[in-house]
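S.K.: Shown below is the structure under consideration.
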């Protein structure tokens, strides 16, 4: 029996797709092993969202090529820079976006002496949709509901790597949720490139999807992984408030708190839209967790622009920040923009926003001390403690109890421990 090992970088969507591809290998008679084990073929599913991501991909590829096995590279990096990857000694196969879902067939061809190394495609021709979901344990699954993006922000390569926005219909997504429920998995994270844009290819919409998923028995909790501020409509917010299954947790990519920079980024909103969405959520769900992505050091961002953005973010009741220094991506509009900033400036601004994010996260957690919440505890045991996340995304710790693993438990949030971990008591 041949053995296959995967190494996945990047977003939840990549993890969902890797998991699906692993199952295809197992159905074809392969044995799945860890990336550190001996294998006949190593598959690296790559990310290319930043220069750092590219570097991590190359490191993983070179680690795999040192093992003397077949090495196959798929994912965003392989779509964007196939020749660069193929030039790495020891790489046997590079698959673009259209071919990665035919991975098993391409690997089988390697055993037959196939000499074709690069299978690339014109991204504009990619219009098929491949359903995927990942399950790491009984606690949580990542369910792909959408792929691609039509937004073409000036800094982003995702439309170049994944193509246009597309999805399967609601009934098919619901069927996959039922498959996950049948495996006794209790939480589903809805994932995609731009999930609020769901329905482009089927004439449906994300709100209709949310309503139908809420009816699936056996799933205790859904999380909306990330959704654009201009696509969080009031009906979605009101539904999440009334639902017993959708978590009071929103992750919203802001990217900049300065309208001048938002315009240069090609974002489809001004900052007032973001502020209005945060206000609307907090008015009906005062303890909801709201996270935000922010890019610092975009070309042309002056000190005044940064401080304008900083003060705007500081004024908002957001719960945490994911901060990214601007990374130049070839073939994007921002790549050729004037006013590039030094790494030192970007690092200084990143540090300031990271510190602000830590302050906001600590304040959010403190606001929740003494409250009752629901937690799905995970199977991992550490120092006699089990851990899990509340509906509003606070990580908690409680004494290990096997019967509570992967079950929805009511807890009281007692006190903040180190690293913003919260000690919780089980409500009997």
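The values are calculated or read from the model by the stated rules, or taken from the named source; none is laboratory data. Here the structure is a predicted model, which means the values were calculated and not measured. When we count neighbours, we look across all protein chains shown, and the Cβ atoms used for this are built from the backbone with ideal geometry, even at glycine.
S.K.: Collect the residues in segment 357-366 that are touching a residue at least 40 places away in the same chain (Cβ under 8 Å) and either more than 16 Å from residue 421 (Cβ to Cβ) or surrounded by fewer than 15 Cβ atoms within 10 Å (Cβ to Cβ) (or both), keeping them in residue-number order. Steps first, please.
M.R.: At the first step, the residues of segment 357-366 found to be touching a residue at least 40 places away in the same chain (Cβ under 8 Å) are 360-362, 364-366.
Hits for segment 357-366 are 360, 362, 366.
Yes/no matrix, rows are residues, columns are (1) on the phi < 0 side of the Ramachandran plot; (2) touching a residue at least 24 places away in the same chain (Cβ under 8 Å):
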| site | (1), (2) |
| --- | --- |
| 352 | yes, yes |
| 355 | yes, no |
| 369 | yes, yes |
| 372 | yes, yes |
| 376 | yes, yes |
| 379 | yes, yes |
| 387 | yes, yes |
| 393 | no, yes |
| 396 | yes, yes |
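S.K.: Still on this structure, I have one more. For segment 239-257, what are the residues that are outside any loop (DSSP other than H, G, I, E, B) and farther than 30 Å from residue 297 by Cα? Give the steps one after another, and end with the answer.
M.R.: Initially, segment 239-257 is screened for residues outside any loop (DSSP other than H, G, I, E, B), giving 239-242, 246-255.
Across segment 239-257, the qualifying residues are 239, 240, 241, 242, 246, 247, 248.
S.K.: Suppose we filter segment 169-189 for residues that are under 18 Å from residue 247 (Cβ atoms) and part of a loop (DSSP other than H, G, I, E, B); how many remain?
M.R.: 2
S.K.: While we're on this one: Can you tell me how many residues within segment 126-152 are more than 17 Å from the chain's Cα centre (by Cα) and under 18 Å from residue 77 (Cα atoms)?
M.R.: 2
S.K.: Hey, does segment 405-414 have a residue that's farther than 22 Å from residue 289 by Cβ, buried (at least 18 other Cβ atoms within 10 Å of the Cβ) and at pLDDT below 95? Break it down into steps so the answer makes sense when it comes.
M.R.: Start the filter on segment 405-414 by keeping residues that are farther than 22 Å from residue 289 by Cβ, which leaves 405.
Adding the requirement that they be buried (at least 18 other Cβ atoms within 10 Å of the Cβ) leaves 405.
If we keep only those that are at pLDDT below 95 too, we end up with 405.
Taking every residue of segment 405-414 in turn, at least one turns out to be farther than 22 Å from residue 289 by Cβ, buried (at least 18 other Cβ atoms within 10 Å of the Cβ) and at pLDDT below 95.
S.K.: Whether any residue in segment 331-338 is closer than 30 Å to residue 390 by Cβ, touching a helix residue (DSSP H, G or I) at 6+ places or on another chain (Cβ under 9 Å) and either loosely packed, with under 15 Cβ neighbours inside 10 Å or not assigned by TED's automatic domain parsing to the domain that holds residue 221 (or both) is what I want to check.
M.R.: Here is the first cut: in segment 331-338, the residues closer than 30 Å to residue 390 by Cβ are none.
No: zero hits.
S.K.: If you don't mind, another one. Are there any pairs with C-beta distances below 6 angstrom linking a residue in segment 258-272 that is in contact (Cβ under 8 Å) with a residue 24 or more places away in the chain to a residue that is part of a helix (DSSP H, G or I) and crowded, with 22+ Cβ neighbours inside 10 Å, with the two at least 6 apart or on different chains, and if so which?
M.R.: So the pair list comes out as 258/309; 269/229.
S.K.: Would it be correct to say that residue 219 is in a loop (DSSP other than H, G, I, E, B), in contact with a helix residue (DSSP H, G or I) (Cβ under 7 Å, 6 or more places away or on another chain) and over 29 Å from residue 298 (Cβ atoms)?
M.R.: On the way: in a loop (DSSP other than H, G, I, E, B): yes; in contact with a helix residue (DSSP H, G or I) (Cβ under 7 Å, 6 or more places away or on another chain): yes; over 29 Å from residue 298 (Cβ atoms): yes.
The answer is yes for residue 219.
S.K.: Condition first: touching a strand residue (DSSP E or B) at 6+ places or on another chain (Cβ under 8 Å), free of Cβ contacts under 8 Å to residues at least 60 places away in the same chain and surrounded by fewer than 16 Cβ atoms within 10 Å (Cβ to Cβ). Can you find one or more residues in segment 227-239 that meet it?
M.R.: yes
S.K.: Here's something else I'd like to know. In segment 31-67, how many residues are touching a residue at least 60 places away in the same chain (Cβ under 8 Å) and in a strand (DSSP E or B)?
M.R.: The total comes to 2.
S.K.: For segment 262-277, does any single residue satisfy the condition of being surrounded by fewer than 21 Cβ atoms within 10 Å (Cβ to Cβ), closer than 26 Å to residue 130 by Cβ and under 23 Å from the mean Cα position of the chain (by Cα)?
M.R.: Checked segment 262-277: no residue is surrounded by fewer than 21 Cβ atoms within 10 Å (Cβ to Cβ), closer than 26 Å to residue 130 by Cβ and under 23 Å from the mean Cα position of the chain (by Cα).
S.K.: Sticking with this structure for a sec: Please verify whether segment 49-59 includes one or more residues that are modelled with pLDDT under 95, within 30 Å of residue 169 (Cβ to Cβ) and either surrounded by 14 or more Cβ atoms within 10 Å (Cβ to Cβ) or touching a helix residue (DSSP H, G or I) at 6+ places or on another chain (Cβ under 9 Å) (or both).
M.R.: yes
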